[in-house]
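See structure below.
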Protein chains: 2
Amino acid sequence: MNQSKRYLDIVRDLRDMIRQDNIRPGDRIPSERELAETLQVGRSTIREALRSLELLGLIETRRGEGTFLADHRNNMLVEVLSTFILQDNQSQKDVRETRQMHELAAIQAICADRTISQMGIWDGFRMRLSEEENGFQREDFVRELMVLSGNRLSLKIWVLLHKYSGNPYNGTVSKAEKERLLNILAAIEQQETDKAAQEFKTWSDGLLKERLRNDS
Amino acid sequence: MNQSKRYLDIVRDLRDMIRQDNIRPGDRIPSERELAETLQVGRSTIREALRSLELLGLIETRRGEGTFLADHRNNMLVEVLSTFILQDNQSQKDVRETRQMHELAAIQAICADRTISQMGIWDGFRMRLSEEENGFQREDFVRELMVLSGNRLSLKIWVLLHKYSGNPYNGTVSKAEKERLLNILAAIEQQETDKAAQEFKTWSDGLLKERLRNDS
DNA sequence: ATTGGAAAGTGGTCTGACCACTCATATTGA
DNA sequence: TCAATATGAGTGGTCAGACCACTTTCCAAT
């Protein structure tokens, strides 16, 4: 009963096709007319799917050349979300504050739970922070903390807020940042709640300031 | 020379139109044919812009009815709640903890804001706490704090969580309780953040214990 | 061998035509 | 009179075909 939303099927087909043919970022994908032919749909439907993926920053189109898998993380999404959905500044501020509220509460919950500190997961955490070949994603760091807090509702709310707050943790941690994150982990491990929360907040706020500077 | 990507202009036009006409989440936006007419572009171009925004979750289309601005705040909350109102104990615990997290964060936000303390609203607060003929509702006390925090998103989340956490603040404040609440207010007024949060938590946890005792 | 331009291929856009669905209204039947 | 039904207008969903603007390729004239 695939009633409406054929273009969503196309999005799915494209994803599968990209996976199956091992199309890598920067590579060209079949032309619109070709896709319409093989998928047995109209070209306009193909285009609706492609336009959606383009606004998401997943593909890149060049007139006269073709359509390509995006190689850079395009932050068009960020711009659209921040200027469209969250219409006024107060809403954006509310989302940011509420998200951070959940993050700080997670840290406090982790610190308050003795059993977590004993489980030796911090060593693994540190190891991945150091060894990750492609660089450690900031987002992964925070999400892991949210998971460790054990509050699944808070985690779900966080995921949604994070999605709507313009990728505040986009990017990988630099060398200097790594030191700060290790400090935060150490504070958590030692159950120094206030210090951990304070340092996390400083780090998080710093990222925000940087992002706001870049946007303006 | 933005020759290509007309649909991106449409996205921008739509944003401006929504702002200018003050279209609120859940409201209907003009039909595709109407937009094509007023913006002087083909309907397919309009559709490419709309499909993009739909994949982003910004709008919602219903065949035969029209296109609507997505109520993103409610949607995400509804999603969270619907997947979460499974009645196991862990969920209940998560709801309680998350709700209290928002309450404590509100108190901290109020304490951090000097302008609130100066506005003399605390006297009015105290007065109503003393004079209310039918007794002061606990729920009103907490809600007022949430409102004063100024974070509307947090307030919305709190209202829903409160509804789903078994009316923890049901009932009116007793004489003894009134003293405790006055203490909390005083601490907030003096911007003694930690003390205010601590006393509030004690009061809130006490109510919960009492309720759990009554239920079993 | 170099260069100029045509040809082919691609994305960008518009038009007009259906279809499927919703809703308000008019019509019909009891 | 009132309820059930039929209708028509309006809307999103999809398709086919036609151009346009642009890039790349390749072949022919120099």
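The values are calculated or read from the model by the stated rules, or taken from the named source; none is laboratory data. Small disclaimer: the values here were computed from a predicted structure and weren't measured. A quick note on method: Cβ atoms are made from the backbone with ideal geometry, for glycine too, and the neighbour counts reach across all protein chains shown. SASA here: full protein model, heavy atoms, side chains in, ligands and nucleic acids out. Shrake-Rupley method; radii C 1.70, N 1.55, O 1.52, S 1.80 Å.
Of all aspartates and glutamates in the structure, those lying under 12 Å Cα to Cα from residue B:201, and not within fewer than 8 positions of it along the same chain, are B:97, B:103.
Rounded to the nearest 20 debye, the dipole size of the stretch A:109-206 about its Cα centre is 320 debye, using +1 on the Cβ of Lys and Arg and -1 on the Cβ of Asp and Glu. Rolling a 1.4 Å probe across the protein heavy atoms gives the stretch B:87-215 an accessible surface of 52 Å² per residue.
Determine, from the Cβ-Cβ distance of residue A:144 and residue B:179 and an R0 of 41 Å, the FRET efficiency 1/(1 + (r/R0)^6), rounded to the nearest 0.05. With R0 = 41 Å, the Cβ-Cβ based efficiency is 0.40.
Is there a simple number for the mean count of other chain Cβ atoms within 10 Å of the Cβ of residues in B:11-23, and what is it? Mean partner-chain Cβ count within 10 Å for B:11-23: 2. With all protein chains in place and a 1.4 Å probe, the accessible surface of the stretch A:1-60 carries 42 percent carbon and sulfur. Within the same chain, aspartates and glutamates fewer than 8 places from residue A:209 are excluded, and of the rest, none has a Cα less than 13 Å from its Cα.
With all protein chains in place and a 1.4 Å probe, the accessible surface of the stretch B:87-215 carries 47 percent carbon and sulfur. When the residues A:114, B:138 are ordered by accessible surface, computed with a 1.4 Å probe over the protein chains alone, the sequence from largest down reads A:114, B:138. Ranking A:35, A:20, A:67 by Cα position along the charge dipole of the stretch A:6-69, where only Lys, Arg, Asp and Glu carry charges on their C-beta atoms, puts A:67 farthest toward the positive end. Straight-distance candidates among the lysines for linking to residue B:195, with alpha-carbon spacing under 19 Å and chain neighbours fewer than 8 residues away dropped: A:195, B:178.
Between amide H atoms placed 1.01 Å from N, distances below 5 Å from residue B:71 occur with B:26, all of them 5 or more places distant or on a separate chain.
With a simple spin-label model that places each label point 7 Å from the Cα along the Cα-to-Cβ direction, the separation between residue A:93 and residue A:5 comes to 3.6 nm. Buried surface between chains B and A: roughly 4100 Å² of accessible area, summed over both sides, computed with a 1.4 Å probe on protein heavy atoms only.
Measuring label to label, 7 Å along Cα→Cβ, what does residue A:64 give against each other copy in nm, shortest first? Taking the point 7 Å beyond Cα along Cα→Cβ, the inter-copy spacings are 4.7 nm.
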